[in-house]
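Have a look at the structure below, then the notes.
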Amino acid sequence: MVARTDRVTDPAIIDALLLARRGQAYYSRKLAELGDAEFDEPSLLPGWDRRHVIAHVGLNARAITRLTEWAATGVETPMYESPTQRAEEIDVAATLPPQALRNLSDHAAIHLSVEWRDLPDAAWSNEVRTALGRLVPVSETVWMRTREVWIHAVDLGSGGSFRDFPPGLVDALLDDVARSWDRRRVQEGLPVYAFAPTDRPGREAVPTAPEAIVLTGTAAQLASWATGRNAVGVERAGGGELPEPPRWL
Ligand code: ZN
């Protein structure tokens with residue numbers, strides 16, 4: 001029988017699913033605020049018009065649905081066949097009529113939500129492979145999708161802002177970026193950046209290494225800069241030019 005509510009009982013995954021679905025609702029709202037003709041205009045992502053963002057977010061839901069089905073069935077179904085196939089699929093979908101793009105967005109999101117809902121408890125630790133080749137428990141797909149929907153809602157450029165994000169999401173984004181830079185620090189020779197959010201009293205800049213470049217701003221402003229978006233409000237403690245953030249993903 002198909003369940004009407006999530007089958008998973010792990011409280012952490014239940015919370016994560018809630019944040020992903022809130023993000024989807026936020027993204028869908030920002031998309032609904034755009035008229036059809038506005039789809040042709042640039043997004044806030046360099047090189048992509050809104051059509052590309054909308055196509056990408058819809059196709060991303062489908063790709064994450066494939067990973068969830070993989071975890072459920074054990075039959076390997078990758079996110080994408082290759083980076084080229086992924087890019088071509090976005091280019092093609094971006095040419096769809098506006099109503100078809102809206103349908104792609106809605107249907108793909110509902111399908112993913114249903115696959116997550118019906119995934120039994122025991123299957124949530126099954127491993128799947130991300131587009132970057134990392135093996136992760138399928139529970140990671142919830143965070144992967146969460147990042148996509150919240151941030152691309154801002155990229156649509158229809159009034160969304162990191163300021164709208166729940167504080168827990170903003171902090172999780174900062175941690176995610178810091179971990180990613182940390183992992184690649186030695187190999188890519190990345191500088192040490194430390195975030196000192198002005199609206200998180202008591203939270204010290206981490207890491208506290210003497211060579212760390214400390215960045216200040218609200219947590220939401222820092223998360224926006226660190227994920228390669230708008231840098232408004234972010235400053236380098238002690239003055240000096242604000243650096244370009246290293247890539248995140
Ligand atoms: Zn994306």
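The values are calculated or read from the model by the stated rules, or taken from the named source; none is laboratory data. Note that the structure is a prediction, hence the values are computed from the model and not measured. Cβ: placed from backbone, ideal geometry, glycine included. Neighbour counts: every protein chain shown. These area figures cover heavy atoms from the full protein model, side chains too; ligands, DNA and RNA do not enter into them. Shrake-Rupley method; radii C 1.70, N 1.55, O 1.52, S 1.80 Å.
Send over a whole-number figure in Å² for the accessible area per residue of the chain, probe 1.4 Å. The partial results should precede the final answer.
Values: 12570 Å² over 249 residues.
Accessible surface, normalised per residue, equals 51 Å².
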Exercise. Dimensions of the chain along principal axes (Cα, Å, largest first)?
Worked result: 59, 45, 33
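Taking 0.36 nm per intervening residue step and subtracting the Cα-Cα distance, what contour gain separates residue 121 from residue 164 on full extension?
Numbers: separation 43, 0.36 × 43 = 15.48 nm, distance 3.17 nm.
Gain on stretching residue 121 to residue 164: 12.3 nm.
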Exercise. Roughly how big is segment 116-216's charge dipole about its Cα centre, with Cβ charges of +1 (Lys, Arg) and -1 (Asp, Glu), in debye to the nearest 20?
Worked result: 140 debye
Problem set entry | With every protein chain in place, the chain: carbon and sulfur % of accessible area (1.4 Å) | 54 percent
Seminar exercise, completed: In the neighbourhood of residue 127 defined by beta carbon distances under 13 Å, the net charge of the other residues (Lys, Arg +1; Asp, Glu -1) is 0
Problem set entry | Net length gained if the chain between residue 100 and residue 82 were fully extended (0.36 nm per residue, minus Cα distance) | 4.0 nm
Exercise. Among the DSSP beta bridges whose two residues both lie in segment 129-249, what percent are antiparallel, rounded to the nearest 5?
Worked result: 45 percent
Seminar exercise, completed: If one builds a Gaussian network model of the chain from Cα atoms under 10 Å apart, the most fluctuating residue listed among 23, 160, 168 is 168
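Ratio of alpha-carbon Rg to the 2.2 N^0.38 Å globular estimate for segment 2-84, to two decimals, please.
Values: Rg = 16.1 Å, N = 83, 2.2 N^0.38 = 11.8 Å.
Relative to the rule-of-thumb radius for its length, segment 2-84 sits at 1.36.
Under 8 Å for C-alpha pairs, at least 6 residues apart: give me the relative contact order for the chain, rounded to a whole percent.
Numbers: 336 pairs, mean separation 48.6, N = 249.
Dividing the mean separation by the residue count of the chain yields 20 percent.
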Problem set entry | Value at 222 nm in deg cm²/dmol, rounded to 500, when DSSP H runs of n ≥ 4 in the chain each add -39,500 (n - 2.57) | -17000 deg cm²/dmol
